[in-house]
1. When you check I178 against the structure, is it at pLDDT below 95 and of a type in the set (A, V, I, L, M), yes or no?
2. Going by what's in this entry, would T140 be described as outside any strand (DSSP E or B), open to solvent by 20 Å² or more (accessible area, probe 1.4 Å), in contact with a helix residue (DSSP H, G or I) (Cβ under 9 Å, 6 or more places away or on another chain) and of a type outside the set (A, V, I, L, M)?
3. Count, please, the residues in region 231-254 that happen to be outside any loop (DSSP other than H, G, I, E, B) and free of Cβ contacts under 8 Å to residues at least 12 places away in the same chain.
4. Those residues that are over 23 Å from the mean Cα position of the chain (by Cα) and either within 16 Å of ligand 3 (Cβ to nearest atom) or farther than 12 Å from L449 by Cα (or both), I need them from region 105-147; list them, please.
5. On the given criteria, is A298 over 21 Å from D334 (Cβ atoms) and aliphatic (A, V, I, L, M)?
6. Identify all residues within region 103-122 that are in a loop (DSSP other than H, G, I, E, B) and within 16 Å of ligand 2 (Cβ to nearest atom); write none if there are none.
7. For region 84-101, which positions are assigned to a loop (DSSP other than H, G, I, E, B) and either of a type in the set (D, E) or within 16 Å of ligand 2 (Cβ to nearest atom) (or both)?
Amino acid sequence: MTAVIQYLNAHRDRHLEELTGLLRIPSVSTDPARKADVRRAGEWVRARLAAAGCTKTELIDTPGHPLVYGEWLGAPGKPTILVYGHYDVQPADPLERWSTPPFEPTIRDGRIYARGASDDKGQVIVHVNALEAHLRANGTCPVNVKFLIEGEEEISSPNLGPFLERERERLKCDAVVISDTAMFAKGLPSICYGLRGLAYLEIAVTGTDTDLHSGSFGGAVANPAVVLSRILASLKDDKGRVKVPGFYDDVRKPSGSERKAFAKLPHRDAKFRKAIGAPDLVGEKGYATLERLWVRPALDINGMWAGFTGEGAKTVIPATAHAKVSMRLVPDQDPKRVAKKFAEFVRKSAPKSVKVEVRSLHGGQPWVADTSHPALAAAGRALKRAFGRAPVFVREGGSIPVVATFARLFGVPCVLMGIGLNDDNLHAPNEKLELDNFRLGTDAAAYLLEELGTANLADAGAATAAGRSRRKRRA
Ligand code: BES
Ligand code: MN
Ligand code: MN
C-alpha cells in the first residue's frame, strides 16, 4: 500500500488542479439554460475516468442529463464495487452572497470554495484518484471497479431508476460505495447507514382573475396570501407535530440502542445552534436534536411568494399565492402515500372563496441499513487507516433518492463514506471542501479498495434484504 499512498502524495497538486477544472463547469441540472454545461461536466468526468485507467467509459444519454459509466474489471475472481456519485450541482444563487464566484474555484484557509466542491464533485473525484493510484503504482487494483456518476441527483434522479432496472447485468456488483454525505465532525470519519426520504409539493391558491386594488376590494374578497398562510400554519401544531392525518402512520420507531448510540456522539445543542447562527432550536417534543434530524420526519416551507415583494409599497390584493413545501421522511414512510395525504389535507382546508391546487414535484424513498455487513467493516478499517480514528456510525437528515433503489434492486450493501462537513455550505453560498478531507478521503478510498479486496463479501448476504430472503429460501 505504501506505493499507492506514495503515488497519491506525489500527485496531490495535479489532482487538486484537475478538480478545479471540473468545478469550473456550471453543471446546474435544474436550469435548462445550463443543459450544455451539464453535458460538458459529464464528458469531463468520462474523460477523467478514462485517463485514470478505466478500460471502458461511456457517456450515456437519457431523456434528461447524461449518465457517466466507467469500468476497470481486471481482477477476475475478486469482488466488484460500484462507485455512485453525481456531477450535477444546485443553483448558485444568491450570487451576491459568495465571497468569490461560485464557478471560479478559489483556495483559501485550507479549503477549496466552489459550487459542487463538497456536493458532490470533490467527493466523486476522490474515488477516481484512488483507482488511478492503484493502477499506476501497482499496475492493478485489488477489486473490480465500476463507476456510475449521474447528472440528475439534485433533481431527484428521474431517469436513474429505469436505467438501473434495465442495466442490472452491467451494473452487477458486490457493494455500492458512495461519498456524498458528511462526517460527524472534522477529524471524525463517519459511515452513514440511514438517509431520509423526501416528498416535495407546490401549492397554488387563486382568488380572482387578476390582481385587485386593495382599497377598492379589500374587505370584500378573499386574499390568497392570507388563505395560503392559514393553510401553511395549520400544517403543524405548537408541539412541532405535523397535522396531516396519517402522516406518522408508517414511521418506524428508533430502537432504544440506536437512541443510546446517538446520545454518545459528540453533539452539543448549544454548539450546533451557534454554528448555524440560530437564536433557538425548535422541533418535535420528546426527541433530541439528532433524533429529530435522523429518525423523525420533518415538514418545511422551502419557498413562498405572492403579491408585491419589490422596494416600497404597493396596495394590491394578489390574484395568486404560492408555496413550496417539502417533507423529509423516514422508514417506512412512502413518498407517494405521504404526498397524497398532504394534498388531500390541503385541498380539504380550502375555503370556497379560493381555488387551491396542489401538485407533487418530486420525491425519494428513505433508507436505513444494517451496520453489521463486512463491507462496512472494511470501510471502517480504511477510514481508520487514513484518518487515524475509527469512524462513528451516523444517519443523515438529507436524501440521496437512489440509495434505496440500489438496496432494493441489487440486494447489496451501500457503503456511505462521505468526507463533507456539516459546515460545507451545501446548496448555499460559499460551498467549500476541506483540502484535508480531500487528501485523507482519497487515501481512505485507496485503502478501501485494498480492504474490500480481502474482505469476505461473497457469502455475506448477512445484512441485505437479498441475503435475508436467500437464507429464508434455504431454510
Ligand atoms: N449530498 C446531498 C445529500 C445530503 C444532504 C447528504 C445533506 C448529507 C447532508 C444530495 O446531493 C442532496 O442534496 N439531495 C437532495 C435530494 C433531492 C434534490 C431529491 C436533498 O437532500 O435535498
Ligand atoms: Mn450530493
Ligand atoms: Mn445536493
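1. Values: at pLDDT below 95: no; of a type in the set (A, V, I, L, M): yes.
When the stated conditions are applied, I178 does not pass them.
2. Numbers: outside any strand (DSSP E or B): yes; open to solvent by 20 Å² or more (accessible area, probe 1.4 Å): yes; in contact with a helix residue (DSSP H, G or I) (Cβ under 9 Å, 6 or more places away or on another chain): yes; of a type outside the set (A, V, I, L, M): yes.
Criteria met by T140.
3. Our first condition is that a residue be outside any loop (DSSP other than H, G, I, E, B); within region 231-254, this holds for 231-233, 236, 242.
When the remaining residues are screened for being free of Cβ contacts under 8 Å to residues at least 12 places away in the same chain, the result is 233.
Final tally of qualifying residues: 1.
4. T106, I107, R108, D109, G110, R136, A137, N138, G139
5. Details: over 21 Å from D334 (Cβ atoms): no; aliphatic (A, V, I, L, M): yes.
Judged against the criteria, A298 is not a match.
6. Pass one, region 103-122, residues in a loop (DSSP other than H, G, I, E, B): 103-105, 109-110, 114-116.
Residues satisfying the conditions are A114, R115, G116.
7. Quick first cut of region 84-101, residues assigned to a loop (DSSP other than H, G, I, E, B) only: 87-88, 90-94, 98-101.
The answer is Y87, D88, Q90, P91, A92, D93.
Results for (1) under 17 Å from L232 (Cα atoms); (2) under 22 Å from the mean Cα position of the chain (by Cα); (3) in a loop (DSSP other than H, G, I, E, B), shown as yes or no for each residue.
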| position | (1), (2), (3) |
| --- | --- |
| S257 | no, no, no |
| D280 | no, no, yes |
| G303 | yes, yes, no |
| E311 | no, no, yes |
| V325 | yes, yes, no |
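The values are calculated or read from the model by the stated rules, or taken from the named source; none is laboratory data. Quick caveat: nothing in here was measured; it's all calculated off a predicted structure. Backbone-built Cβ (ideal geometry, glycine too); neighbour counts: all protein chains shown. Surface areas here come from the heavy atoms of the whole protein model, side chains and all, with no ligands, DNA or RNA. Shrake-Rupley method; radii C 1.70, N 1.55, O 1.52, S 1.80 Å.
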